[in-house]
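Inspection log for the structure reproduced underneath, given as structure tokens.
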Amino acid sequence: MPSANLTIDPAFTIAPVNRRTFGTFVEHMGRCVYTGIYEPGHATADEDGFRKDVLELTRELGVSVVRYPGGNFVSGYRWEDGVGPRPDRPRRLDLAWHSVETNEFGLDEFSRWCVKAGVEPMMAINLGTRGVQEALDLLEYTNHPGGTTLSDLREQHGASPYGIKLWCLGNELDGPWQVGHKTPTEYGRLAAETARAMRMIDRDLQLVACGSSSSKMPLFGTWERDVLRETYEFVEYISCHAYYGNDDGDTASFLASAVDMDHFIESVVATADHVGAELKSSKKIGISFDEWNVWYGERSRRTDGPGDQWEVAPRRIEDEYNVTDAVVVGNLLISLLRHSDRVGVACLAQLANVIAPIMTEPGGAAWRQPTFHPFAITSRLAAGQVLRVETDSPVVTTAKHGDVSAVDAVATYDDGKLAVFAVNRSTEGPIEVTIDVSRSGVSTIDEAVIVHDEDGLATNTANHPDRITPQQVDAQLVDGKLTITLPAISWTALSLSTN
């Protein structure tokens, strides 16, 4: 059996664990909102129409922040449509996803949902068809304490200030599919003007400029450079978006998707630091990786349904994830944690039904997709400082990424508690892993769980919701050396302590 050796030392710190790494995304797309998180007629619905089964799963998932309301949807959205009495709200055409938006669920409902879910809201503003004044109006409505027309309107709607601190200055405006598509200079100027004006209301806002919608975009790198030249001193973050799939059947490359995420993050950081050097600024721009996931099939930015129909909440990209997808999601989380020195926000897209860890049926059950488990466990166990893991591993040869390490891992350490997250990216067979934890002082294995199945295509369904669940795995800790066998295509989490 091939073997790998990992070395962990609490002195190998990268950065503190950022709870915002465990964000998700709610967009008015498909059934994410309607019959996803919101379904007034459902048996579990509360007084606001929120599905309590989904709320419970959201809390179990360990979500910290939720980006809303898009996504492509936001580039044509009028936030005023989603506040106040529901009977007065207009029905609109949503050009992004070729749907009819009823606005039954809007800003007011989302804010109440966030309180019940225990998550921080991350608000995206429309810089596609709108601009500075609309952003200021939205900020006044959400955050100003009172005594103005819009803040008083919010109070009339029964709400105290929402206190939203994290804001996206538009979405994917480099994309020609986007309503209000712009050049980098056009977008950069608008984003800078908007950010400057918003800070006149609240100087402590944390703002995200749009980066490229994919590292494969023709202007990738150039877009980041030109946008940051305009916005550098006005924003805290620039966004990254990435989706990975196995449509071509190249499982080896798919399992190594985190290699691409590593390169993506490091490329954007290099570009941002270059602009900072040009501007002679001591400020460091962070990364908001506010869309990431596995996504199969036709990646149309408009619709995957009939082009001549306008429906309310049609089914859109409801991918059924398997255990291999779960391993990739777990590895992408390893990449995000490994870059905690620069990744300050990350959002798994999306939360319910639409390429999501949580699935529902209208009037029926809610269940966990296999991808739910590595996210929930990592969110629960990761704490303290992120540690660099020195890895000596066999390699896997891939068509897209070259030779990559078969075993990939990251660790966190917090006051005598060590958590290790590791994947075996090989399709060939198990690897025996020895982890040197002697410098951490841990002496007890508190938890050792694995996400794996002999059938790499195994899934969870409404009828079989627990086909893929985390299983206990055997691990031995002797004289500061932990040994464990990682099966092919597996994700493993270990929790150890000094007690």
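The values are calculated or read from the model by the stated rules, or taken from the named source; none is laboratory data. Quick caveat: nothing in here was measured; it's all calculated off a predicted structure. Here the Cβ positions follow ideal geometry from the backbone for every residue, glycine too, while neighbour counts run over all protein chains shown. Accessible surface is based on the protein model in full, side chains and every heavy atom, while ligands, DNA and RNA are left aside. Shrake-Rupley method; radii C 1.70, N 1.55, O 1.52, S 1.80 Å.
Things to note:
- Segment 60-110-segment 375-414 distance, computed between alpha-carbon centres (Å): 36 Å
- Label-point separation, D48 to K216 (7 Å along Cα→Cβ), nm: 3.8 nm
- As a fraction of the 1.4 Å probe accessible area of the chain, surface on carbon and sulfur atoms comes out at 49 percent.
- Helix-only CD estimate at 222 nm, as mean residue ellipticity for the chain, using -39500 (n - 2.57) per DSSP H run (n ≥ 4): -7500 deg cm²/dmol
- Protection proxy ranking, highest mean first, for peptides 349-358, 114-123, 311-320, 402-411: 349-358, 402-411, 114-123, 311-320, where packing is the per-residue count of other beta-carbon atoms within 10 Å, averaged.
- Averaged per residue, the chain has 37 square angstrom of accessible surface, using a 1.4 angstrom probe with ligands and nucleic acids left out.
- Tensor-based shape of the chain (alpha-carbon gyration tensor, a/c under 1.5 rounded, otherwise prolate or oblate): prolate
- Listed pairs K116/K216; K165/K216; K116/K283; K216/K284; K165/K283; K116/K417 exceeding 26 Å between Cα atoms: K116/K216; K165/K216; K116/K283; K116/K417
- Cα gyration tensor category, rounded, prolate or oblate, for segment 155-273 with a/c compared to 1.5: prolate
- Separation of the E432 and R203 label points, Cα + 7 Å toward Cβ, nm: 6.2 nm
- Accessible area per residue was computed with a 1.4 Å probe on protein heavy atoms; M217 scores about 40 Å².
- For segment 163-253, the dipole from Cβ point charges (+1 on Lys and Arg, -1 on Asp and Glu) about the Cα centre works out to 380 debye, to the nearest 20.
- Our estimate of slack between K116 and R229, defined as 0.36 nm per intervening residue step minus the Cα-Cα distance, is 36.7 nm.
- Expressed to the nearest 5 percent, the antiparallel share of DSSP beta bridges inside segment 18-381 is 20 percent.
- Sites matching trypsin sites (Lys or Arg not before Pro) across segment 205-291 that sit in DSSP coil, with at most 10 neighbouring C-beta atoms within 10 Å: K216, K280
- Distance between the pseudo-spin-label points of T183 and D152 (7 Å out from Cα toward the beta carbon): 4.4 nm.
- Average Cα contact separation per residue, the chain, under 8 Å, 6 or more apart, as relative contact order %: 20 percent
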